[in-house]
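Notes follow the structure.
The values are calculated or read from the model by the stated rules, or taken from the named source; none is laboratory data. All figures in this text were calculated on a predicted structure; none of them were measured in a lab. FYI the Cβ positions are ideal-geometry reconstructions off the backbone, even for glycines, and counts take in every protein chain you see.
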Amino acid sequence: MIEEFKTFIARGNVIDLAVGVIIGSAFTAIVKSLTDYLINPLIGIFLGKIDLSNLKFTIGEATFKYGAFLNSVINFFIVAIVVFFMVKIINRVVRTEPVEDDEDEETPDLSAQYLAEIRDLLKEQAKK
């Protein structure tokens, strides 16, 4: 069981995924900081309030904190835009060249080979 675990962990996909998760969580912290300390105050200037996360309304005894939700939506859009551009750049850099097919080196499938052999045998028998 330990050997299976070592094989599983040593696979490239698992390590790539772990690195992606670590970088993603660090990137999310950066985006949250950007939103909380730069974008929200800028939006707050236009709305007359400095901190969006404190925006709320009350109906009866229920309090709805829509400012925190707005922060999350802004964070999501920033992360989505950055990931989109990263994937776009990576796809541009890592383009794969199309593999050229050599028609001379194509081997027919087994049934075609058998049919060709049968045809050749029938031709030989017809000559005799």
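Among the residues of the stretch 8-40, what is the count of those that are part of a helix (DSSP H, G or I) and without any contact (Cβ under 8 Å) to a residue 12 or more places away in the chain? Give the derivation first.
Initially, the stretch 8-40 is screened for residues part of a helix (DSSP H, G or I), giving 8-10, 12-40.
If we keep only those that are without any contact (Cβ under 8 Å) to a residue 12 or more places away in the chain too, we end up with 8-10, 12-26, 29-30, 33, 37-38.
Selection size over the stretch 8-40: 23.
Does at least one position in the stretch 41-49 carry a residue that is modelled with pLDDT under 85, in a helix (DSSP H, G or I) and either of a type in the set (S, T, N, Q) or touching a strand residue (DSSP E or B) at 6+ places or on another chain (Cβ under 6 Å) (or both)?
Let us first name the residues in the stretch 41-49 that are modelled with pLDDT under 85, namely 41-49.
The next check asks that each one be in a helix (DSSP H, G or I); those that pass are 41-47.
Of the ones still in play, those that are also either of a type in the set (S, T, N, Q) or touching a strand residue (DSSP E or B) at 6+ places or on another chain (Cβ under 6 Å) (or both) are none.
The answer is no; no qualifying residue exists.
Tell me which residues, restricted to the stretch 49-64, are loosely packed, with under 13 Cβ neighbours inside 10 Å and either aliphatic (A, V, I, L, M) or touching a residue at least 12 places away in the same chain (Cβ under 8 Å) (or both). Can you show your working first?
Applying the first criterion (loosely packed, with under 13 Cβ neighbours inside 10 Å) to the stretch 49-64 yields 50-51, 54, 56-64.
If the condition is that a residue be loosely packed, with under 13 Cβ neighbours inside 10 Å and either aliphatic (A, V, I, L, M) or touching a residue at least 12 places away in the same chain (Cβ under 8 Å) (or both), then Ile50, Asp51, Asn54, Ile59, Ala62 are the ones that fit.
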